[in-house]
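The values are calculated or read from the model by the stated rules, or taken from the named source; none is laboratory data. All figures in this text were calculated on a predicted structure; none of them were measured in a lab. Note that each Cβ is placed from the backbone with ideal geometry, even for glycine, and that neighbours are counted across all protein chains shown. Quick note on the areas: whole protein, heavy atoms, side chains included, nothing else; ligands and nucleic acids left out. Shrake-Rupley method; radii C 1.70, N 1.55, O 1.52, S 1.80 Å.
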Amino acid sequence: MIRWPIASLASLSSVARCLVVAAPLCLAACQTPYQPDLGYGGFSEQQIGPRTWEVRFRGNDTTTTSTVYNGLVLRCAQIAAAHGYRYFVLEGNADASEFHPFYTPDKVYVGRHGRVVGYEPGQDLSTVAPGQIYRITLTNTLTKRKPMGDARAILAAHPELAAGPARIDY
């Protein structure tokens with residue numbers, strides 16, 4: 001039988017507390033993965049008509065606009081396939097980017113004997129979390145009037161996602 005000293009248990013609990021605090025911060029520093037949006041970025045959709053959907057993909061400040069676009073197109077293809085349609089027609093889009101302003105504090109540099117040796121004023125900065133909203137209509141016929149996507153071709157390029165997240169429960 002292993003006996004743990006009390007001090008070790010206390011340090012283990014403090015390590016666990018640090019992990020609970022540090023893990024979300026590490027995840028927030030990464031690009032938004034292809035996932036449902038649970039507040040940290042990802043995709044979401046809402047049906048607004050019999051064959052019309054509003055699909056959104058939201059990133060964080062390290063997500064590229066191409067990642068947002070690719071995630072949005074993939075989600076549109078999954079919605080079309082899940083409802084038995086081959087194509088989706090882009091009816092409209094909107095920018096859903098979020099701007100996050102912040103202020104860096106002033107910096108005062110103090111020398112060896114407590115004398116101020118330098119000063120840098122704070123700055124107003126901001127980060128951008130890209131996002132897009134697409135309004136799509138599902139169809140089984142080709143049209144040349146508006147941009148459209150072929151759900152089968154898009155999902156064939158992503159076989160790892162074609163089987164799983166294409167199921168939509170409402």
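Structural remarks
- Residue in region 137-144 that is under 15 Å from Tyr34 (Cα atoms) and either open to solvent by less than 80 Å² (accessible area, probe 1.4 Å) or modelled with pLDDT of 85 or more (or both) present: no
- For region 39-46, the criterion of a residue being outside any strand (DSSP E or B), in contact (Cβ under 8 Å) with a residue 24 or more places away in the chain, at positive phi and under 22 Å from the mean Cα position of the chain (by Cα) is satisfied by at least one position.
- Of everything listed in (1) at pLDDT below 90; (2) β-branched (Val, Ile, Thr); (3) loosely packed, with under 15 Cβ neighbours inside 10 Å, the single unmet condition for Ile48 is (1).
- Applying the set (1) open to solvent by 60 Å² or more (accessible area, probe 1.4 Å); (2) within 20 Å of Pro36 (Cα to Cα) to Ile79 leaves exactly one unmet item: (1).
- For region 106-129, the tally of residues that are open to solvent by less than 90 Å² (accessible area, probe 1.4 Å), without any contact (Cβ under 8 Å) to a residue 60 or more places away in the chain and either in contact with an Asp or Glu (Cβ under 6 Å, 6 or more places away or on another chain) or not in a strand (DSSP E or B) (or both) stands at 5.
- Candidates Gly92, Gly71, Gly39, filtered to the one that is open to solvent by 40 Å² or more (accessible area, probe 1.4 Å) and either at pLDDT below 90 or closer than 27 Å to Met148 by Cα (or both): Gly39
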